[in-house]
Amino acid sequence: MIKGLIFDLDGVITDTAEYHFLAWKSLAEKIGIEIDREFNEQLKGISRMESLELILKHGGKEEAYTEAEKEELATQKNEEYKTYIKEITPDDLLPGVDTLLKEAKEKNLGMVLASASKNGPAIMESLEIMDLFDGIVDPASLKAGKPDPEIFVKGADMLNLKPEECVGLEDAEAGIESINAAHMFSVGVGSRDAMKEADYAVESTADLDLDTILEKANQD
Ligand code: G16
Ligand code: MG
């Protein structure tokens, strides 16, 4: 019996990927590396420092900086990113998400955020949905990020539920892998190809229907 929903943030609740892209692009340019939107796909769901490592590798500069310099580069990116997310309002909820969250609340389902983003709490406040949620897994507390199952397992723990009693919702391949490894029913948002490992997938958040999700997950 499903009693909880564990949500990814970027790409499921709101679309911050474009802001991450713009901030990484300008940081990369400063150090002579060119990135495009196609490359940016690899950064979805991946932590800030792991994203930086991928960008440096892409530009052949993986050995060029000390750990302290890399921390500084990541901080510069985050400062620019924060200027974008300051503008977020409830209008930035992805289509269908408002209805989904409210219906889940009416059904007394537990809800937790399992995002790799350290900016998650600020974004949730700006979207004005924090009161619907029971908690946010602190990404700084994790030993391993997605695709490791830890973040989704901790999400279920926060609700005092077993992973089998929860549904995980994700838009990144690494995230679906994480949910599946946690033995949780996985709902994917995205192309059929990218979401081929999901237990159930839709192309857009507008197609997320709570009754359908619960019916499929409870059958599983
Ligand atoms: C999000 C984004 C990633 C980003 C990560 C960390 O993950 O998809 O691109 O690198 O958060 O973000 P921050 O730099 O704000 O800590 P998710 O898990 O919400 O999809
Ligand atoms: Mg995501």
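Under 20 Å from a point 7 Å along the Cα-to-Cβ line of K162: which residues of region 1-39 have their amide N that close?
1-6
Please state the charge dipole magnitude for the chain, taken about the Cα centre, from unit charges on C-beta atoms (+1 on K and R, -1 on D and E), reported in debye and rounded to the nearest 20. Could you put the intermediate results ahead of the total?
Details: 23 positive and 48 negative charges, 74 e Å.
Roughly 360 debye, rounded to the nearest 20.
Compute the relative contact order of region 16-86 as a whole-number percentage, counting only Cα pairs closer than 8 Å that sit 6 or more residues apart in sequence.
45
Too long at a 18 Å Cα-Cα cut-off: which of K3/K44; K30/K77; K70/K146; K44/K77?
Details: K3/K44 27 Å; K30/K77 11 Å; K70/K146 21 Å; K44/K77 15 Å.
In this structure, K3/K44; K70/K146 lie more than 18 Å apart at Cα.
Let's see if you can work this out: charge +1 on each Lys and Arg Cβ, -1 on each Asp and Glu Cβ, no other charges. What is the dipole magnitude of region 1-116 about its Cα centre, in debye to the nearest 20?
Values: 15 positive and 25 negative charges, 88 e Å.
Dipole about the Cα centre, nearest 20: 420 debye.
So for the chain, what percent of the C-alpha to C-alpha distances run longer than 28 Å?
Result for the distance tail: 27 percent.
By how many nm would the segment from E50 to E80 grow when fully extended, if each residue of separation counts as 0.36 nm and the alpha-carbon distance is taken off? Spell out each step's value before the answer.
Values: separation 30, 0.36 × 30 = 10.80 nm, distance 1.79 nm.
Using 0.36 nm per residue and subtracting the Cα-Cα distance, I get 9.0 nm.
Roughly how far apart, in whole Å, are the Cα centres of region 1-68 and region 174-220?
Result: 23 Å between the Cα centres.
From Cα pairs below 8 angstrom and at least 6 apart in sequence, can you work out the relative contact order of region 171-220, rounded to a whole percent? Kindly include the intermediate steps, with their values, before the conclusion.
Working: 58 pairs, mean separation 14.8, N = 50.
Worked out over region 171-220, it gives 30 percent.
Pick from S51, S178, S186 the residue whose mean-square fluctuation is largest in a GNM of the chain, springs joining Cα atoms under 10 Å.
Comparing S51, S178, S186 in a Gaussian network model of the chain, the most mobile one is S51.
How much FRET efficiency would the formula 1/(1 + (r/R0)^6) give for D220 and D36, where r is the Cβ-Cβ distance and R0 is 30 Å, rounded to 0.05?
Details: r = 38 Å, r/R0 = 1.27.
Calculated transfer efficiency: 0.20.
Between E87 and D193, how high is the FRET efficiency from 1/(1 + (r/R0)^6) when r is the Cβ-Cβ distance and R₀ = 30 Å? Nearest 0.05.
0.40
I need the calculated FRET efficiency for the pair N108 and E63, taking r as the beta carbon distance and R₀ as 45 Å, to the nearest 0.05.
Details: r = 53 Å, r/R0 = 1.17.
Using R0 = 45 Å, I get an efficiency of 0.30.
Rule-based calculations on the coordinates, nothing more; no lab input. Since we're looking at a predicted model, the values are computed, not measured. Please note: Cβ atoms are built from the backbone with ideal geometry, for glycine as well, and neighbour counts cover all protein chains shown.
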